[in-house]
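Asks: Structure below; questions to follow.
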Amino acid sequence: MVEDQIIAKDELKQRCDNEKEQMTNRLNSQQQQYKMLKSQHEDMETEFGRLQNEKEKENEEHKKQDEERAIEYNQFKQEKSLEIASLKDSVANLEREKEQLTQQMAELKLQLQGSLVGTALVAKEP
């Protein structure tokens, strides 16, 4: 009976030692997995920070480009407005000049008709 108890005790001790070893192995495995996941997490945080900075720089660059384009557009618009105003002035001047030339032509026609009528009258006089 004492021998049976000793054998049972030894078996329990062996099972306990086996379970303890298995638990230690599982704990070590879990700790390694934790370290690996923690390392991956830190790498991902670093990458996230880098990507955020990159995005900010790109946004700033796009904003700067948009501002430059807006300035260029406004300058272009201003130049074209001045060009249009100048062309309108030229058209108005040409229209006035045309009107003057039309009046001068009408006056010359009248003078020519008058001189032709006068020449015809002189030619009829005996």
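Asks: Spelling out what I want: for every residue of the range 80-90, take phi, set θ = phi - 60°, compute 6.51 cos²θ - 1.76 cosθ + 1.60 (Karplus), and round to whole Hz; glycine and proline get x.
Replies: 5, 5, 5, 4, 4, 4, 5, 5, 4, 4, 4
Asks: Across the range 29-45, in residue order, what do the Karplus-derived ³J(HN,Hα) couplings come to in whole Hz, using 6.51 cos²θ - 1.76 cosθ + 1.60 with θ = phi - 60° and x for Gly and Pro?
Replies: The phi angles translate into 4, 5, 5, 5, 5, 4, 4, 5, 5, 5, 5, 4, 4, 4, 4, 5, 5 Hz.
Asks: Okay, moving on. Suppose only helical runs count, i.e. DSSP H with n ≥ 4. What mean residue ellipticity at 222 nm does that imply for the chain under -39500 (n - 2.57) per run, divided by all residues and rounded to the nearest 500 deg cm²/dmol? Before the final figure, lay out each step's value.
Replies: Numbers: 1 runs with 123 residues, N = 126.
Calculated at 222 nm, the ellipticity per residue is -38000 deg cm²/dmol.
Asks: May I pose another question? So what does Ser39 come to for accessible area, using a 1.4 Å probe and Å² rounded to 10?
Replies: Ser39 has an accessible surface of roughly 50 Å² with all protein chains in place.
Asks: On the full set of protein chains, 1.4 Å probe, figure out the accessible area of Phe76 and give it in Å² to the nearest 10.
Replies: Solvent-accessible area, nearest 10 Å²: 110 Å².
Asks: For the range 1-105, with every protein chain kept in place, what is the accessible area per residue (1.4 Å probe, Å²)? Numbers along the way, then the final one.
Replies: Numbers: 10580 Å² over 105 residues.
In whole numbers, the range 1-105 has 101 Å² accessible per residue.
Asks: While we're here: Tell me the carbon and sulfur percent of the accessible area for the range 34-80, rounded to whole percent, probe radius 1.4 Å.
Replies: Details: 2430 of 4750 Å².
Roughly 51 percent of what the probe reaches on the range 34-80 is carbon or sulfur.
Asks: Most fluctuating residue of Met23, Met44, Met36 in a GNM of the chain with Cα springs under 10 Å: which is it?
Replies: Fluctuation is largest for Met23.
Asks: Pull out the extension gain between Glu54 and Glu72, defined as 0.36 nm times the separation in residues minus the alpha carbon to alpha carbon distance; nm, one decimal.
Replies: On the way: separation 18, 0.36 × 18 = 6.48 nm, distance 2.66 nm.
Residue separation times 0.36 nm, minus the Cα-Cα distance, leaves 3.8 nm.
Asks: On the full set of protein chains, 1.4 Å probe, figure out the accessible area of Arg69 and give it in Å² to the nearest 10.
Replies: 140
The values are calculated or read from the model by the stated rules, or taken from the named source; none is laboratory data. Only a predicted model underlies this, so the values are computations on that prediction, with no experimental measurement involved. These accessible areas exclude ligands, DNA and RNA; they are computed on the full protein's heavy atoms, side chains included. Shrake-Rupley method; radii C 1.70, N 1.55, O 1.52, S 1.80 Å.
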